[in-house]
1. Quick check, is residue 207 in contact (Cβ under 8 Å) with a residue 40 or more places away in the chain, within 27 Å of residue 98 (Cα to Cα) and either in contact with a helix residue (DSSP H, G or I) (Cβ under 9 Å, 6 or more places away or on another chain) or not in a loop (DSSP other than H, G, I, E, B) (or both)?
2. Determine whether residue 330 is closer than 20 Å to residue 197 by Cα, modelled with pLDDT of 95 or more and outside the structural domain of residue 215 (by TED's automatic domain parsing).
3. Would you say residue 198 is under 18 Å from the mean Cα position of the chain (by Cα), within 14 Å of ligand 1 (Cβ to nearest atom), crowded, with 20+ Cβ neighbours inside 10 Å and part of a loop (DSSP other than H, G, I, E, B)?
4. Within the range 125-141, can you find the residues that are in a loop (DSSP other than H, G, I, E, B) and within 23 Å of residue 92 (Cβ to Cβ)?
5. When only residues in the range 149-195 that are free of Cβ contacts under 8 Å to residues at least 24 places away in the same chain and within 14 Å of ligand 1 (Cβ to nearest atom) count, which is farthest from the chain's Cα centre (by Cα)?
6. Name the pairs whose Cβ atoms lie under 7 Å apart, with the first residue in the range 124-148 and at positive phi, the second part of a helix (DSSP H, G or I), and 6 or more positions between them or separate chains?
7. Restricting to helices (runs of 4 or more DSSP H) lying wholly in the range 53-124: which have 3 or more residues that are within 24 Å of residue 135 (Cβ to Cβ)?
Ligand code: NDP
Ligand code: GDR
């Protein structure tokens, strides 16, 4: 039985990857952070009671900022594969917490690599590093491929640039199987609530259900290459199953503006919206509501821009070239953008129907302003 260790197992990708590896017969270990509240909602459905025999899913307390903790866990687990997904992963927040982000996203990667080297596991343990399309930053060429030059535009991306190169360096210096997956944006119903897609699908569900009036967004012109996280974790696994250690771009090859994602998400609940105005004065109003389940009045303003969400330096255009991963890995995504938006909106409508039920029986449901 192969043993995998996943950092960031409580996150979106960690949860889908853990599920995938368990289905392939792996023993899966994950590192979770201590928190004052339970933080394992995304993996509770695969949690196994540690008191049972033959448990294949095990969690360890840890943090990527703590070298001795990382060394001890890797020594105990003796993994065949490490997936380093743990990170302060929010680009805008990285401008507020640049030093912490560098420590966890940059040096955290070094801590994993160095632990494997110190423990003499370089020939046994394969390492996957969660690199990102944010490395491309300011557009140099499109579509972006494995050979496109990097130009990071945030403390997050600069930290990840260190993570990328230290992974390449350990591969070359110590002949380790250490590789980067350069993944473009991938989303799902498990996506963190403050990333733009999930913020939109949550707001659409809440507006349709009468729980919220409108949503404030930032740059509506940015373009992203969005895929489904379920498809993307499959690629992570494939990258580690190759004979040769190489870096791969994982993307759909199609890019869409934030504004169009908003339109698509409202369309899922039978609502049409029209944008007007420019820059920070841009708004969207309802022009049609075709779903008898949702009573949203025509002309209602449902989207407005708040410059608070503008970034000091922005990444305007991401569009990936997945040729190498499609040919060498045989990877092909199952979800297109429409199917992704459908999955996310349907899940959020279901989630907030529960809130509406609570509200109608006199309970107070929280507001969401992030
Ligand atoms: P999430 O934000 O959903 O998950 C991040 C995970 O990292 C969480 O489990 C979080 O724990 C954990 N974490 C945060 N800080 C630390 C720390 N100091 N020590 C240990 N663990 C920590 O991210 P995703 O699942 O979306 O992304 C996974 C990885 O892939 C990240 O490295 C991200 O930067 C990268 N990436 C993501 C892309 C995407 O579009 N989703 C695209 C390209 C790269 P907790 O739950 O306690 O907060
Ligand atoms: P990103 O994702 O920065 O690409 O990083 P995010 O969803 O945060 O932003 C995408 C684009 O949308 C614009 N935007 C807004 N973003 C947020 N969060 N909130 C808003 O209200 C809003 N309005 C407009 C942003 O300016 C940006 O252009 C994600 C993360 O998962 C990273 O960890 C990962 O490395 C990259 O994707 C690939």
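The values are calculated or read from the model by the stated rules, or taken from the named source; none is laboratory data. Every value quoted in this text rests on a predicted model; they were computed, and no experiment measured them. Note: ideal-geometry Cβ built from the backbone for every residue, glycine included; neighbour counts use all protein chains shown.
1. no
2. No; evaluated as a whole, the condition is false for this residue.
3. Here the answer is no, as residue 198 does not meet what is asked.
4. 136, 137, 138, 139, 140
5. Of everything passing the filter in the range 149-195, 150 is farthest from the chain's Cα centre (by Cα).
6. Cβ pairs passing all conditions: 137/157.
7. Ranges flagged: 91-96, 98-101, 108-118.
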